[in-house]
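Written out below as C-alpha cells is the structure these notes cover.
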Amino acid sequence: MQQPTIKWFDDYKFVACVRSSSPSDAESMIKAAIDGGFRVFEISLNTPQAFKLIESYSKKDSLLIGAGTVSDGEAAQKAINAGASFISSNYTDRDVINVARHNDTFVIQGVSTPTEASTAHHYGADCVKFFPAAFIGGTDYLRAMRDNLPFVKFVAEGSIDPVNAFEYLKYCIGVFFDKTLYDRHLVRQNNWAEITERAKRLTQKLESSLKVAR
C-alpha cells in the first residue's frame, strides 16, 4: 500500500469528484474547491481533456490528484503516465488493479457487496469504494460490511452530503463529494463563489470535528 497516498486520505478525508462535459468548467470546479480548502481530487476520465488536467494539477505539491471512472488497464496506464497519484473505478476490474500495482500506484475499486469487497481486496486493491452508497443501504449497510471485513479499507461515494458525510467517516478513510458540492445549477451559472463557500463550510466543519476527536 502506498503510505504517502493513504496519508492524504487520513489527513484530508474529503475528495472532490470532478466530472464535466466542459474542460474549462472542470478547471473552474477544481479551482473553486481548492479555494474552499479541498486538497484531494478525483478527475473523471469522462471529462474531455482529463489527462491534461491531471498532468497540470498533479504537479502541485499541495494537491493529491487521482483519476476516476477508470474503465480498463489502458486507461489506468494513461492516467498514471499523466501523473495520477491514485486510480479509482466504480466497479472492480482486475486489469486496472494489475496496472496500478505494476506502476506502484494506489488503486481504489468500486464494490457494493461483501463478496465484491473481499474479491477486490484479494486482487490487490488498496482500498474499496462503497458505491453508490445511499442507494445500496447507506451507513447501516456499510457498518455491517466493515465489521465483517476488518482487513478492508473503505471510502464511500454516492449522495454523500454535509450531514451524512461524518457518519460515513466512522467507517471510511474518506468520502467523495460530487453533486452535493458541484450542484449542476451552480456550475451552469458559473457560480464558482458559491461552490467555494460550500467547500469552505465542509472543510471547516471537518477540521472542527477532527479537533474534537483529538
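Points worth noting:
A quick yes/no check of all residues on (1) within 24 Å of D11 (Cβ to Cβ); (2) over 18 Å from the mean Cα position of the chain (by Cα):
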position: P114; (1), (2): no, yes
position: C127; (1), (2): yes, no
position: F135; (1), (2): no, no
position: D140; (1), (2): no, yes
position: N148; (1), (2): no, yes
position: I160; (1), (2): yes, no
position: N164; (1), (2): yes, no
position: L169; (1), (2): yes, no
position: R188; (1), (2): no, yes
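- In the range 167-188, the residues that are among the β-branched types (V, I, T) and over 18 Å from S88 (Cα atoms): T180, V187
- The single condition from (1) farther than 22 Å from S159 by Cβ; (2) surrounded by 19 or more Cβ atoms within 10 Å (Cβ to Cβ); (3) in contact (Cβ under 8 Å) with a residue 40 or more places away in the chain that D35 fails is (2).
- Per the conditions (1) at pLDDT 95 or above; (2) acidic (D, E); (3) closer than 17 Å to K129 by Cα; (4) surrounded by fewer than 24 Cβ atoms within 10 Å (Cβ to Cβ), the sole criterion not satisfied by D10 is (1).
- Put simply, of Y171, Y141 the only residue that is of a type in the set (S, T, Y), modelled with pLDDT of 95 or more, surrounded by 15 or more Cβ atoms within 10 Å (Cβ to Cβ) and part of a loop (DSSP other than H, G, I, E, B) is Y171.
One line per residue, one yes/no per condition, for (1) on the phi < 0 side of the Ramachandran plot; (2) in contact (Cβ under 8 Å) with a residue 24 or more places away in the chain; (3) hydroxyl-bearing (S, T, Y); (4) assigned to a helix (DSSP H, G or I):
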{"residue": "K7", "(1), (2), (3), (4)": "yes, no, no, yes"}
{"residue": "C17", "(1), (2), (3), (4)": "yes, yes, no, no"}
{"residue": "S20", "(1), (2), (3), (4)": "yes, yes, yes, no"}
{"residue": "F41", "(1), (2), (3), (4)": "yes, yes, no, no"}
{"residue": "F51", "(1), (2), (3), (4)": "yes, yes, no, yes"}
{"residue": "D61", "(1), (2), (3), (4)": "yes, no, no, no"}
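- Applying the condition of being part of a helix (DSSP H, G or I) and in contact with a strand residue (DSSP E or B) (Cβ under 9 Å, 6 or more places away or on another chain) to the range 144-158 and asking which residue is surrounded by the fewest Cβ atoms within 10 Å (Cβ to Cβ) yields R146.
- Across the range 98-137, the qualifying residues are those that are crowded, with 24+ Cβ neighbours inside 10 Å and assigned to a helix (DSSP H, G or I), and the one among them that is modelled with the lowest pLDDT is A133.
- Criterion violated by D161 - all others in (1) touching a strand residue (DSSP E or B) at 6+ places or on another chain (Cβ under 9 Å); (2) of a type in the set (D, E, K, R); (3) surrounded by 15 or more Cβ atoms within 10 Å (Cβ to Cβ) satisfied: (3)
- Scan of the range 7-30 for residues that are more than 19 Å from S85 (Cβ to Cβ) and not polar (S, T, N, Q), ordered by number: P23, D25
- Residue in the range 80-95 that is under 12 Å from G124 (Cβ atoms) and part of a helix (DSSP H, G or I) present: yes
- Against the numbered list (1) within 19 Å of E27 (Cβ to Cβ); (2) under 18 Å from the mean Cα position of the chain (by Cα), K59 comes up short only at (2).
The values are calculated or read from the model by the stated rules, or taken from the named source; none is laboratory data. Remember, predicted model here, so these are calculated numbers, not experimental data. Note that we place each Cβ from the backbone using ideal geometry, even for glycine, and neighbour counts take in every protein chain shown.
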